[in-house]
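S.K.: Could you have a look at this structure, given as structure tokens, before my questions?
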Amino acid sequence: MIDSSASPTDIEVAAAATLAGAEIVRARYGRLHSRIDKGAGDFATDVDVAAEEAILDVIRGARPGDAVHGEEGGRRGAVDAVREWLVDPLCGTLNYATGSHLVAVNVALRNGPAAVADPFSGEVFLTDGVTAWVQYDADADGGGYGKGRTGVRGRRVADGHATGPVRRRAPLGAHTRLVLVNSHPPFPGAPAFRAVDLLAHPGFVERFRPRVVSTTLALAWVAAGRRAAYVTDGGDLSGSVHFAAGIALCRAAGCVVTGVDGGPVGPEGRGLVVAADAETHGLLMSLIRGRGRSV
């Protein structure tokens, strides 16, 4: 997947690694999977582990001096490595284990390029840290989301994939009124704030329509303009294997990205509010702050 005749760029490494993981996820879909208990009701499968190893093989081959922090294997590589890759090989394990396609594979270089793949639609969302675009994996069974439709804009490139700017292939997400709210426990900000509480807020119900989906896929959809926003509880999510790639993608796509307190996402940040535009972000923040309890 990487041209061995030339030194690959970081975004090429991220894309190739993500596609390697997505291939495993797609190929093993529908089989009986072994379950690896992680406690508190959480679990991984043999597919999570295999996809992570496939991703690590690509990164190690292209960037042997870098460290890698994987969801399943933890941090590996030199302790003093300057650069670190964040890997979530299968975001949405429960969905996958129950036969749902709502999953994603993501790879991000900390504070650098990132890639998010939907193994079943064939979409790979990419950012070099400045701009964002979508690539279509011709090997996916689905042949790529919207392939053949006039709504897919981009150019055909040598490797058989079509690419195009992320935010130009769908209507602006704010118009959909669909807001993705992470309702999965634990709720580290409780009782001051829980994202799930928005679902019962009269102002939220009046203006938006809630949806819940795989974390990384949710953020990719906001970046692509298919959803108005995504809200989740939590602490500093900037270095999380679950969120880093999606945050990078949304920032590059021009979304408004903050914590649930309206501050920057980072070491002092709390949770995540990502919106398609400033108006949607402002409305969500007013609902969060107007719950009668501070965040």
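S.K.: Do any strands (runs of 3 or more DSSP E) lying entirely in the range 170-266 carry at least 3 residues that are in contact (Cβ under 8 Å) with a residue 40 or more places away in the chain and closer than 19 Å to Leu284 by Cα, and which ones are they? Walk me through it before giving the result.
M.R.: Values: elements: 178-181, 209-211, 229-232, 256-258.
Ranges flagged: 178-181, 229-232.
S.K.: If only one of Val13, Val58, Val25 is in contact with a Lys or Arg (Cβ under 7 Å, 6 or more places away or on another chain) and either in a helix (DSSP H, G or I) or farther than 20 Å from Ala248 by Cβ (or both), which one is it?
M.R.: Unique residue meeting the criteria: Val13.
S.K.: Next up: Restricting to the range 23-75, and then to whatever is closer than 19 Å to Ala114 by Cα and basic (Lys, Arg), can you tell me which residue is nearest to the chain's Cα centre (by Cα)?
M.R.: Here the residue is Arg75.
S.K.: Sticking with this structure for a sec: Run Phe243 past the list (1) in contact with a Pro (Cβ under 9 Å, 6 or more places away or on another chain); (2) closer than 30 Å to Ala22 by Cα; (3) not aliphatic (A, V, I, L, M) and report the number of the one that doesn't hold.
M.R.: The single condition Phe243 does not satisfy is (1).
S.K.: What number of residues within the range 56-80 are hydrophobic (A, V, I, L, M, F, W, C) and either open to solvent by 50 Å² or more (accessible area, probe 1.4 Å) or within 22 Å of Leu237 (Cβ to Cβ) (or both)?
M.R.: So the answer is 4.
S.K.: While we're here: Identify, from the list Thr131, Thr18, the residue that is modelled with pLDDT of 95 or more, under 22 Å from Ala218 (Cβ atoms) and either surrounded by fewer than 17 Cβ atoms within 10 Å (Cβ to Cβ) or under 13 Å from the mean Cα position of the chain (by Cα) (or both). Write out each step before concluding.
M.R.: Details: Thr131 fails: modelled with pLDDT of 95 or more.
Of the residues listed, the single one that is modelled with pLDDT of 95 or more, under 22 Å from Ala218 (Cβ atoms) and either surrounded by fewer than 17 Cβ atoms within 10 Å (Cβ to Cβ) or under 13 Å from the mean Cα position of the chain (by Cα) (or both) is Thr18.
S.K.: Scan the range 17-36 and report the pairs whose first residue is of a type in the set (D, E, K, R) and whose second residue is part of a loop (DSSP other than H, G, I, E, B) and open to solvent by less than 40 Å² (accessible area, probe 1.4 Å), with Cβ atoms within less than 6 Å and a gap of 6+ or a chain change.
M.R.: So the pair list comes out as Arg26/Pro119.
S.K.: Return the total of residues in the range 87-102 being under 19 Å from Lys38 (Cα atoms) and either open to solvent by 20 Å² or more (accessible area, probe 1.4 Å) or within 14 Å of the chain's Cα centre (by Cα) (or both).
M.R.: Step one: of the range 87-102, the residues under 19 Å from Lys38 (Cα atoms) are 87-98.
Applying the additional criterion that residues be either open to solvent by 20 Å² or more (accessible area, probe 1.4 Å) or within 14 Å of the chain's Cα centre (by Cα) (or both) yields 87-95, 97-98.
Adding up the residues that qualify gives 11.
S.K.: Across the range 267-279, what is the total count of residues that are part of a loop (DSSP other than H, G, I, E, B) and either surrounded by fewer than 22 Cβ atoms within 10 Å (Cβ to Cβ) or modelled with pLDDT under 90 (or both)? Explain how you work it out, then say what you get.
M.R.: Just the residues of the range 267-279 that are part of a loop (DSSP other than H, G, I, E, B), to begin with: 267-271, 276-277.
Pick out the ones that are also either surrounded by fewer than 22 Cβ atoms within 10 Å (Cβ to Cβ) or modelled with pLDDT under 90 (or both) and you get 267-270, 277.
Selection size over the range 267-279: 5.
S.K.: If we keep just the residues of the range 28-55 that are in a loop (DSSP other than H, G, I, E, B) and on the phi < 0 side of the Ramachandran plot, which is least open to solvent (accessible area, probe 1.4 Å)?
M.R.: His33
S.K.: Checking Gly282 against (1) free of Cβ contacts under 8 Å to residues at least 24 places away in the same chain; (2) surrounded by 20 or more Cβ atoms within 10 Å (Cβ to Cβ): exactly one of these is not met. Which one?
M.R.: All conditions are met except number (2).
The values are calculated or read from the model by the stated rules, or taken from the named source; none is laboratory data. If you're wondering where the values come from, they're calculated on a predicted model, not measured in any experiment. Ideal geometry is used to build each Cβ from the backbone, glycine not excepted, and the neighbour counts take in all protein chains shown. What goes into the accessible areas is simple: the full protein's heavy atoms, side chains included, and nothing from ligands, DNA or RNA. Shrake-Rupley method; radii C 1.70, N 1.55, O 1.52, S 1.80 Å.
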